[in-house]
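> This structure is in structure tokens; I'll ask about it shortly.
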Amino acid sequence: MKPLVFHLPGDEDFADGLIRALCAQRAALQLHRFPDGESLVRLDADVTGRTVVIVASLAQPDAKALPLLFAADAARDLGATRVLLAAPYLAYLRQDRRFNTGEAITSRTFAALVSTVFDGVVTVDPHLHRYRSLGEVYRVPTRVVQSAPAIAAWVAAHVDRPVLIGPDAESEQWVQEVARLAGAPFTVLQKIRRGDKDVEVSLPDTAALADRQPVLIDDIVSSARTMIQAIASVRSVGLPPPVCIGVHALFAADAYHALLAAGPQRVVTCDTVPHVSNGISVVAPLATAVQELMEAGAP
């Protein structure tokens, strides 16, 4: 039987693409908030004997986490054979250790909760630092989709003579891969972070950038301060306004408008988090990863 695809509010477009790619069946997930703040979740489909995929991009995760867990647990209780989470953006990976006395290691807690009600997790470019893989914290099978091929294809199709620029040393391996796939040179900025919104960046030797269109790439764009400082650095050495590419368009508060005001040629993001800047789709590779999990669990 075809898998059933549910989605949380706001993820309609990604779910539509996933349904087409998987030749799946659409199913409605109804959410109701009672006056006292509690949530009611209802699955408007018979899930008995079916594989259920729930699409949830987990930006602003606290409001989504309980309805997501309720929906997955309901699907299992109602007879679904397998319940998979397709989370284009997966939250709660920042706190991967106890930075200060008494802090919760929320990455472990969130992963433990998700692992109790889902049979597998698929995501795009999780923000891993000290974990080598999602398998270190998730107790269910996982698949990680790399955005680099989709970004490289977009750059090759839309930018003439690009030079890719990463925001810091940590991004070098990732930006190098995008550059390799796009057939373009790359460099990496030197970054000094003094606080959440105080970031200074500078370009190394600019000789390789002459006559090139700069393309700034970062995985998560939240405050956008790193990208804004990078634009200033690029412009200060006489380069044209850069194209700015982000994987996960979190854009806190007025960050997107602040980024536009900094004068980029264009801002484009992957569709892992719904946003007006979305222009690079990762639906197809994520669908492939979901299909792999379904086949791995088939009898």
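The values are calculated or read from the model by the stated rules, or taken from the named source; none is laboratory data. Remember, it's a predicted structure, so these values are computed and weren't measured experimentally. Here Cβ is always computed from backbone atoms with ideal geometry, including for glycine, and neighbour counts include all displayed protein chains. Areas reflect the complete protein model, heavy atoms only, side chains present, ligands, DNA and RNA absent. Shrake-Rupley method; radii C 1.70, N 1.55, O 1.52, S 1.80 Å.
> If I stretch the segment between ALA112 and VAL144 completely, what's the gain in nm (0.36 nm per residue apart, minus their alpha carbon distance), one decimal?
9.7 nm
> Over the Cα atoms of region 4-145, each weighted equally, I'd like the Debye log10 I(q)/I(0) at q = 0.10 Å⁻¹, rounded to two decimals.
Calculated log10 I(q)/I(0) at the listed q: -0.34.
> Here's another thing I want to ask about it. For region 148-280, I need the span (max minus min coordinate) of the C-alpha atoms along each principal axis, in Å, sorted largest to smallest.
Principal-axis extents of the Cα atoms in region 148-280, largest first: 35, 29, 25 Å.
> Here is a follow-up. Please compute the length gained on full extension between ALA65 and SER236, using 0.36 nm multiplied by the number of residues separating them and subtracting their Cα-Cα distance.
Working: separation 171, 0.36 × 171 = 61.56 nm, distance 4.32 nm.
My answer for the length gained is 57.2 nm.
> Could you provide, to the nearest whole Å², the per residue accessible area of the chain with probe 1.4 Å? Can you show the working numbers first?
Values: 14210 Å² over 299 residues.
Ligands and nucleic acids excluded, the figure is 48 Å² per residue.
> Express in nm, to one decimal, how much length is gained between ASP44 and PHE99 on full extension, taking 0.36 nm for each residue of separation and deducting their alpha carbon distance.
15.5 nm
> I would also like to ask the following. So, with +1 on the Cβ of K and R and -1 on the Cβ of D and E, and no other charges, what is the size of the charge dipole of the chain about its Cα centre, to the nearest 20 debye?
It works out to roughly 240 debye.
> How far apart, in nm, are the 7 Å Cα→Cβ label points at GLU136 and ALA156?
Each label point is offset 7 Å from its Cα along the Cβ direction, giving 3.2 nm.
> What residues have an amide H closer than 5 Å to that of ASN278, excluding those fewer than 5 places away on the same chain, when H is modeled at 1.01 Å from N in the peptide plane?
The answer is THR269.
> Right, here's the next one. Viscosity 1.002 mPa s, temperature 20 °C: what is the translational diffusion coefficient of the chain from Stokes-Einstein with a Kirkwood Rh over Cα pairs, rounded to a whole number of µm²/s?
Numbers: Rh = 20.3 Å.
In µm²/s, the coefficient rounds to 105.
> No solvent, one uniform scatterer per C-alpha: report log10 I(q)/I(0) for region 22-75 via the Debye equation at q = 0.15, 0.21 1/Å, two decimals.
-0.47, -0.86
> What is the percent carbon and sulfur in the accessible area of region 55-158, measuring with a 1.4 Å probe over the protein chains and ignoring ligands?
50
> Report the one residue of ALA169, ALA91, GLY17 whose Cα lies farthest in the direction of the positive end of the charge dipole of the chain (charges on C-beta: Lys and Arg +1, Asp and Glu -1; origin at the Cα centre).
Selected residue: ALA169.
> Spin-label point model (7 Å from Cα, Cβ direction): what's the ALA21 to ALA258 distance in nm?
3.2
> In addition: Check VAL53: other-chain or 5+ apart residues with amide H under 5 Å from its amide H, H built from backbone geometry?
Counting only residues 5 or more places away or on other chains, the set is LEU4, VAL5, PHE6, LEU84.
> For the pair GLU292 and ASP36, how long in nm is the line joining their label points, each one 7 Å along Cα→Cβ?
Label-label distance for GLU292 and ASP36, simple model: 4.5 nm.
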